[in-house]
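See below for the structure under consideration.
The values are calculated or read from the model by the stated rules, or taken from the named source; none is laboratory data. Small disclaimer: the values here were computed from a predicted structure and weren't measured. Heads up, the Cβs are rebuilt from the backbone with ideal geometry, glycines too, and the neighbour counts pull from every protein chain shown.
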Amino acid sequence: MATLEIRDLHVSVEAENGPREILRGVDLTVKQGETHAIMGPNGSGKSTLAYSIAGHPKYTVTGGTVTLDGEDVLSMSVDERARAGLFLAMQYPVEVAGVSVSNFLRTAATAVRGEAPKLRLWVKEVKEAMERLHMDPSFAERNVNEGFSGGEKKRHEILQLELLKPKIAVLDETDSGLDVDALRVVSEGVNRVRETGEIGTLLITHYTRILRYIKPDHVHVFAGGRIVESGGPELADKLEAEGYESYAGAKETA
Ligand code: ADP
Ligand code: MG
Ligand code: MG
């Protein structure tokens, strides 16, 4: 079983008045088959964690390690990360001009699987996955992210998850901008992939609402650029009732 290990991760961004440390010693282990939720107030550094694992050039790792089965993730190219079995929704460009969803997905699957999926089988696979996500078939012919609504972006994300079958997936704010119906469809998609037992999921969110649909095994509170408390699903209930108020002391990262 694959294991993603984050050890004492420190990350800075270049701000106007010089580098600013955002992540201040993150420790986390996510194994295949487990679902972890990271929850925290806005500005606590959750997206920075996701971008850092994805290898976004804006974020400089100043200390610590990220490994997948002992392999150094931080020295891998974005493609190598995908081939190693990491799924990071934000690793792809916001818009891919002139590339249809269908072609984009096949290229991504080719990169991950090491060979191009047979076209006929592939078309069928995509069609079925789209049906499960209640997506209109015409979506496959649209250009990636061009004019996608918030809900379409999220469905596209889960479509990739279903088709690329990663070992570890990092989903940042998958719930944001979704109405209740879309949230249910997206959550069902995540749960379908989870039920295979072959994916480890790191679900990053500000709101507790998605956790009514996706039940995490572990919940971590993120504040001030690090994990300040970890527990089971009951911790999400506590956050839903009490909010992040009691963590306010750790809130400021600057
Ligand atoms: P969250 O996802 O928890 O809301 P972020 O990781 O987006 O938090 O942001 C954490 C802090 O880092 C914020 O204060 C934000 O302004 C700052 N930050 C994040 N990315 C950048 C960046 N590229 N340049 C400057 N500051 C950034
Ligand atoms: Mg430290
Ligand atoms: Mg964020």
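Annotations for the structure displayed:
- In region 114-126, the residues that are without any contact (Cβ under 8 Å) to a residue 24 or more places away in the chain and closer than 24 Å to ARG81 by Cα form Cβ pairs under 6 Å with partners that are assigned to a helix (DSSP H, G or I) and of a type outside the set (D, E, K, R), at six or more places apart or across chains, as follows: ALA116/THR110; PRO117/ALA109.
- Residue that is farthest from LYS154 (Cα to Cα) [pool: residues in region 185-206 that are of a type in the set (A, V, I, L, M) and modelled with pLDDT of 90 or more]: ILE199
- When ALA37 is tested against (1) away from ligand 3 (no atom under 16 Å from the Cβ); (2) part of a strand (DSSP E or B); (3) at pLDDT 95 or above, only condition (1) is not met.
- Exclusive hit being assigned to a strand (DSSP E or B), hydroxyl-bearing (Ser, Thr, Tyr), surrounded by 14 or more Cβ atoms within 10 Å (Cβ to Cβ) and within 13 Å of ligand 1 (Cβ to nearest atom), set SER12, SER47: SER12
- Search result, residues across region 1-39 that are more than 16 Å from ligand 2 (Cβ to nearest atom) and touching a Gly at 6+ places or on another chain (Cβ under 9 Å): MET1, ALA2, THR3, LEU4, VAL30, LYS31, GLN32, GLY33, GLU34, THR35, HIS36
- Condition met for ALA182 (hydrophobic (A, V, I, L, M, F, W, C) and within 16 Å of ligand 1 (Cβ to nearest atom)): no
- Scanning region 15-34 for residues that are part of a strand (DSSP E or B) and away from ligand 1 (no atom under 13 Å from the Cβ) yields GLY25, ASP27, LEU28, THR29, VAL30, LYS31.
- Being touching a Lys or Arg at 6+ places or on another chain (Cβ under 9 Å), among the aromatic types (Phe, Trp, Tyr) and in contact (Cβ under 8 Å) with a residue 60 or more places away in the chain holds for only one residue in PHE148, PHE222, and it is PHE222.
Each row is one residue, and each column tells you yes or no for (1) more than 16 Å from ligand 3 (Cβ to nearest atom); (2) surrounded by fewer than 17 Cβ atoms within 10 Å (Cβ to Cβ); (3) within 20 Å of VAL112 (Cβ to Cβ).
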| site | (1), (2), (3) |
| --- | --- |
| THR3 | yes, yes, yes |
| GLU21 | yes, no, no |
| ASP27 | yes, yes, no |
| PRO41 | no, no, no |
| ALA54 | no, no, yes |
| PRO57 | yes, yes, no |
| LEU74 | yes, yes, yes |
| PHE87 | yes, no, yes |
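- Residue within region 78-99 that is within 25 Å of ARG192 (Cβ to Cβ), of a type in the set (Lys, Arg), within 16 Å of ligand 1 (Cβ to nearest atom) and touching a strand residue (DSSP E or B) at 6+ places or on another chain (Cβ under 9 Å) present: no
- Only residues that are closer than 19 Å to THR201 by Cα and away from ligand 2 (no atom under 16 Å from the Cβ) were counted across region 40-71, and they come to 13.
- LEU171 satisfies every condition listed in (1) within 16 Å of ligand 1 (Cβ to nearest atom); (2) surrounded by fewer than 20 Cβ atoms within 10 Å (Cβ to Cβ) except (2).
- Check on TYR207, surrounded by 18 or more Cβ atoms within 10 Å (Cβ to Cβ) and within 28 Å of VAL13 (Cα to Cα): no
- Number of positions in region 153-183 that are of a type in the set (D, E, K, R) and outside any loop (DSSP other than H, G, I, E, B): 7
- Here SER149, SER176 are screened, and the one residue that is surrounded by fewer than 21 Cβ atoms within 10 Å (Cβ to Cβ), more than 21 Å from LYS46 (Cβ to Cβ) and of a type in the set (Ser, Thr, Tyr) is SER149.
- Inter-residue pairs, beta-carbon under 8 Å, first more than 18 Å from ALA129 (Cα to Cα) and in region 166-192, second within 16 Å of ligand 3 (Cβ to nearest atom) and in a loop (DSSP other than H, G, I, E, B), 6+ apart: GLU173/HIS206; ASP175/TYR207; SER176/HIS206; SER176/TYR207
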